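Below is one structure; the comments refer to it alone.
The values are calculated or read from the model by the stated rules, or taken from the named source; none is laboratory data. These numbers come from a predicted model, not from an experiment. Cβ atoms come from the backbone with ideal geometry, glycine included; neighbour counts cover every protein chain shown. To get the accessible areas, we keep the full protein, side chains included, count just its heavy atoms, and leave off ligands, DNA and RNA. Shrake-Rupley method; radii C 1.70, N 1.55, O 1.52, S 1.80 Å.
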Amino acid sequence: MTYKRKDRYTLIVNFLKKLIRPVNMRISLTGKLLIAFSFIIFLIFASAFLASEFLNMTFREGLWWAWTRLIDSGFSDDDDDSSINMILSSVMFFLSVLIYAGVFITIFTEALENMVSFFKKGRIPKKLSGHTVIASNDTQTKHYIEAVKTLSSHSEKDSFLVVISEQQYFEQTRENSLKQTLIAIFHIWTMEAINRLQLKNAKRIILLGNFGGDMSQILKLITQLNSIRSLDNPKEELKLYIEVNNRLLLPQLQMAIRRFVSNEAKIEICLMNMENTSARLALLNYPLDGVVRIEKQSAQITFIIQGWSTFAEALLQQVLRVGHYYCAFRIVIATDNTFAMQEKINHDYPGISGTDYTKRVVNIECIDIESIHSLEVQSEDIVTLAICGENSDDVFIQAMQASISNMTGLMQVLVELPDDSGYRDVFNEINQAEGDVRIFPVDSHVAAFELMEQLDVFAQKGHEKYIKAREDQGKRLIKADGSYENPADYPWELLDETNRNWNRSPADHALIKLNALADKYQIERYRKVSIGQISLTNDLKKKVADIICSFGKKILNNDMELLAGLEHDRWSGEKLSEGWHFGQETDKKNKISSFLIPYRALSDEVKQYDREQVVAQLTNLFDN
């Protein structure tokens, strides 16, 4: 009898692949081999039993008969021509084909697929340490690598490993990465990734955009790294940067991380909301009160937000915290749906419409986007227009139109653009040409990452002085579980985002206070050297020194009262931005404060807190 063996083998192999595919997904290679071996043993003993029953053999002879026919079907030529013998021999032959051609070929195929998958995930050196890992599916990887190189000292030799979550991102990542950059495909929170990428030995790990997983997976990674490094007792610190897009999630995440990350692990964790940091950076680089002194106190500073986006909301939050100046200030939000925007403002900031004082401190107007050019603006006013939106083409068109609109008082245009937008280069070239209105691209996440630590120089100084004062007063108390009674008493590295912001806002506003002092006396303002570094003119230094010295002698002067009043407005704006409102009795639980009143109406005891804050801020700047 002739068989078409090739076709038959192919049919059997394909059938068996389909049959055991669900098993392949759940059982390891070793487990599958054990299953195959067990099936062979069972088949031999079952065949031996049938042979002893129907072929007049002993069980021992049946075992040999079954074994020989299983390993070589050629032995069937020695059998007699009885029907039962032919049937059993054919069954044994068929089953042997299933076993050898099916199971082992399937296992071999899987092993081959695993090998291919292994190489696809990237060839990672066996010994890797002191490297920077960037986990991102975005196209901005190259910019982050350059930012890390800027942060590193010249003596450091950085090696970079870019991790993507899916094969589909490989080509774009390779095109947007520097040469010699290693690329691997992993879900970074798995133990396989932690081991192969040697994350415990890394110098920096940067996780961008949640990296294709929810925040719980990122927390899982932190717990695993914490356990591994705590046991290893590492000498070098690991810096772990995590981008968190949800602003409201930041304080809770920091609270959780602070509870389980041990000191022995030596992991410094920085949770980053790039929109918040970019908004801070934009207002520090391009201050709304201008770069030259304000000649008339009757002038008004106007900040217009045209369009709405996540970045626009971050800008508004930052302006509410620090936008309090020597002269009047108003915020105008221009969108396509005025009613919806006004409803949002009333919902998010219920306290701003409570009293005449809160309306003055936070003056927000919502208008239709077509009404921007009909706003009432005086010739001495200072206007900044921020054009926001996720469509870069629309933003570019609106920015170009605004630059030639001849809007009264328009000093600068801030334009929301991603890091890889070519329009950034266009605007940089335009700004080099002669023109009245400058256009500045903002919302650079890479710049925010690069300058993040420098942004907090003054804020950290202020917090360190606060902690020292608390210790000197014996108020920095530790509970039995090792935590601090007051969440604000933690060192900066462990401080939650809310308390960090309460240090950042005064530090950022200190620069506005310096401008107010300079404008009052019509002297030259401070000069910015870089982010976190400023230079004070001699005239301004003298004014600052006089305020600090007079306060130390318990002598009040008009300059101190001016700046203390601005500080109180800043504090009020910050509280209003967090949803607080005025009430006769302070109730922290329900965000009610009796101090949301004009500075002049405060008791002298309460005013003293604002004066002390002014002195602390000026001292930090003066020391710098």
Exercise. Extension gain Lys235-Phe54, at 0.36 nm per residue separation less the Cα-Cα distance, in nm?
Worked result: 57.7 nm
Exercise. Asn391 to Ala340: FRET efficiency via 1/(1 + (r/R0)^6), r the Cβ-Cβ distance, R0 22 Å, to the nearest 0.05?
Worked result: 0.70
Seminar exercise, completed: Length gained, Gln180-Ser371, 0.36 nm per residue minus C-alpha separation, equals 63.5 nm
For this session: Leaving ligands, DNA and RNA out of it, report the carbon-plus-sulfur percent of the accessible area of segment 426-564 at a 1.4 Å probe.
Result: 50
For this session: Using a Förster distance of 41 angstrom, determine the FRET efficiency expected from the C-beta separation of Lys127 and Thr223, and round it to 0.05.
Result: 0.95
For this session: Pop out the Kirkwood hydrodynamic radius of segment 307-448 from its pairwise C-alpha distances, inverse of mean 1/r, in Å to one decimal.
Result: 16.3
For this session: Output ³J(HN,Hα) for segment 53-62: one whole-Hz value per residue in order, computed from phi by the Karplus curve 6.51 cos²θ - 1.76 cosθ + 1.60 with θ = phi - 60°, and x for Gly and Pro.
Result: 7, 10, 10, 6, 10, 6, 4, 5, 5, x
Seminar exercise, completed: Here, Asn486 and Ile87, labelled 7 Å along Cα→Cβ, have an inter-label distance in nm of 9.2
Problem set entry | Over segment 159-235, equivalent-ellipsoid semi-axes from the Cα gyration tensor in Å | 23, 15, 10
For this session: Quickly work out the Lys465-to-Leu34 label distance, labels modelled 7 Å from Cα along the C-beta direction, and quote it in nm with one decimal.
Result: 6.7
Exercise. Once phi is turned into ³J(HN,Hα) by the Karplus curve 6.51 cos²θ - 1.76 cosθ + 1.60 with θ = phi - 60°, what whole-Hz value does each residue of segment 254-259 show in order, with x for glycine and proline?
Worked result: 5, 4, 5, 4, 4, 7
Exercise. Which length gain, in nm to one decimal place, applies between Phe45 and Glu61 when the Cα-Cα distance is subtracted from 0.36 nm times their residue separation?
Worked result: 4.6 nm
Exercise. In Å², what does the accessible area per residue of segment 217-349 work out to with a 1.4 Å probe?
Worked result: 42
Exercise. Which of the peptides 396-403, 281-288 is most tightly packed, and how do the rest follow, going by the mean number of other Cβ atoms within 10 Å of each residue?
Worked result: 281-288, 396-403
Exercise. Given 5 Å bins starting at zero, what is the percent of C-alpha pairs of segment 474-624 in each, up to the one with the largest pair distance?
Worked result: 2, 8, 15, 17, 19, 15, 13, 7, 3, 1, 0, 0
Seminar exercise, completed: Most packed first (mean Cβ within 10 Å per residue), the peptides 163-171, 303-311, 232-240, 138-146 order as 303-311, 138-146, 163-171, 232-240
Exercise. So what are the ³J(HN,Hα) numbers for segment 224-239, from phi and the Karplus equation (6.51, -1.76, 1.60; θ = phi - 60°), rounded to whole Hz, Gly and Pro as x?
Worked result: 5, 5, 4, 5, 5, 6, 4, 6, 6, 6, x, 8, 9, 7, 9, 9
Seminar exercise, completed: Plugging the Cβ-Cβ distance of Arg259 and Asn406 into 1/(1 + (r/R0)^6) at R0 = 60 Å yields, to the nearest 0.05, a FRET efficiency of 0.55
